[in-house]
Amino acid sequence: MKKEWEDQLKNENFSIIHRTSVPEGATIFPTVWQMKQKRDIRTREVKKYKARLNFDGSKMKYGQDYDQTYAPVASWNSIRTLLIVSAMLGWKTKQIDYVLAFPQAPVERELYMKLPAGFKVVDGNSNEYILKLHQNIYGGKAASRVWYQYLTKVLVDKLEFKKSNYDECVFYKGNVMKPDGSIHLTQPHLIDQILKDLNMQEDTATRPIPAASSKLLSKHSDSPEFDGSFHYRSVIGKLNYLEKGSRPDIAYIVHQCARFSTCPKKEHGKAVRWLARYLKGTKDKRLILQPDRTKGLEVHVNADFAGNWDPKEYEDCNTARSRHGYFINFAGCPIVWKSQLQTEIALSSTESEYTGIFYTHFVKQYPS
């Protein structure tokens, strides 16, 4: 904590001022300490303990202390497209991480916060002094947006990058180097986290397919409630991130399990555990991007007809809805995929197929 305090002062993220210097009516916000264990990504051993001094943005008032909070994030579709183009053209790819990214941006408004508990000023009463922020430290409601706008300004104005019209987080520029080889996408550490959440790391039998082919998931109104043996929504969130990143093979079952996150039943918990066993057996499988320059943009789509129909749940109209799935490939590599229920209830298999085809043509217009 002492090191964090000294580093913040050294970087001039804030300055210590007397309370009498604070404008009348200005809010002096609390400080919050965030403690974290830094672990080795492979062995999970604790490498160090870190403390971060944060601004308590929970007390901020809209229109007074901040305006907008939206900050975009890059979509997996854009990331895969860039990787495919890089591999196809022989460009070299690198991944970097900004150290203390947010504080690199200056604050947009005058903000003040209290000294952290236990820290004192030299030759003075600590209660008479506060901190005036100069940099965008973590915790503010608009902190993400301030950082994004600052980064955009540096990339575009100073480094002369161009921002994509389709994805606000994609910037491009010339002058690249050329290596050889394809790109492999895999997320084994995320799968390990999911297995840990389910307490399934050891002695767990694997499954050859993502879901039981003989069972349909529905509301299961007459079934027992989910036993709460794991945090259902948290695991679904991780599964969704895994599917969007590198595992199109689990798109259907993840979507099915996610539909019942608000009121899961015993069957839904079983389905999640089945999927986890499949992931354990396929943890090292990967999505390989090996572009073929002779191929352009391709769309593959298929649909069922009322494939979720369950006569026991006839009052649930969702069981009558058809499902379609699609792949959008560029240069022979997948960039977009989805499995979803159709919004309208199709009255025939032909209508269901046409709905799926229409939707993919619609999505094809928006590459981001």
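Structure summary
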quantity: Qualifying positions in the stretch 86-118 - β-branched (Val, Ile, Thr) and over 16 Å from residue 184 (Cβ atoms); calculated: 96, 99, 107
quantity: The stretch 260-287, residues that are of a type in the set (Val, Ile, Thr) and assigned to a loop (DSSP other than H, G, I, E, B); calculated: 262, 282
quantity: Some residue of the stretch 304-326 being among the aromatic types (Phe, Trp, Tyr), modelled with pLDDT under 90, over 30 Å from residue 199 (Cα atoms) and outside any loop (DSSP other than H, G, I, E, B); calculated: yes
quantity: Residue match in the stretch 9-16 (condition: of a type in the set (D, E, K, R), touching a His at 6+ places or on another chain (Cβ under 7 Å) and touching a residue at least 60 places away in the same chain (Cβ under 8 Å)); calculated: yes
quantity: Output for the stretch 47-81, where each listed residue is of a type in the set (A, V, I, L, M, F, W, C), surrounded by fewer than 18 Cβ atoms within 10 Å (Cβ to Cβ) and touching a residue at least 40 places away in the same chain (Cβ under 8 Å); calculated: 51, 71, 73, 74, 76
quantity: Candidate set from the stretch 228-271 (those that are among the charged types (D, E, K, R) and over 20 Å from residue 329 (Cα atoms)); member that is surrounded by the fewest Cβ atoms within 10 Å (Cβ to Cβ); calculated: 233
quantity: Qualifying positions in the stretch 94-105 - exposed (fewer than 12 other Cβ atoms within 10 Å of the Cβ) and either in contact with a helix residue (DSSP H, G or I) (Cβ under 9 Å, 6 or more places away or on another chain) or over 30 Å from residue 5 (Cα atoms) (or both); calculated: 94, 98
quantity: Some residue of the stretch 220-233 being part of a helix (DSSP H, G or I), under 26 Å from the mean Cα position of the chain (by Cα) and modelled with pLDDT of 80 or more; calculated: yes
quantity: Residues of the stretch 18-46 that turn out to be within 25 Å of the chain's Cα centre (by Cα) and either farther than 22 Å from residue 107 by Cα or surrounded by fewer than 13 Cβ atoms within 10 Å (Cβ to Cβ) (or both), as a count; calculated: 13
quantity: The one condition in (1) among the basic types (Lys, Arg); (2) in contact with a strand residue (DSSP E or B) (Cβ under 6 Å, 6 or more places away or on another chain); (3) closer than 30 Å to residue 28 by Cα that residue 162 fails to fulfil; calculated: (3)
quantity: Answer residue from the stretch 200-210, given it is at pLDDT 90 or above and not basic (Lys, Arg) and is nearest to residue 260 (Cα to Cα) among those; calculated: 210
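For (1) closer than 18 Å to residue 71 by Cα; (2) in a loop (DSSP other than H, G, I, E, B), each residue gets a yes or a no:
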residue: 121; (1), (2): no, yes
residue: 127; (1), (2): no, no
residue: 130; (1), (2): no, no
residue: 154; (1), (2): yes, no
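The values are calculated or read from the model by the stated rules, or taken from the named source; none is laboratory data. The shown structure was predicted, so the numbers you read here are calculated from the model rather than taken from an experiment. FYI the Cβ positions are ideal-geometry reconstructions off the backbone, even for glycines, and counts take in every protein chain you see.
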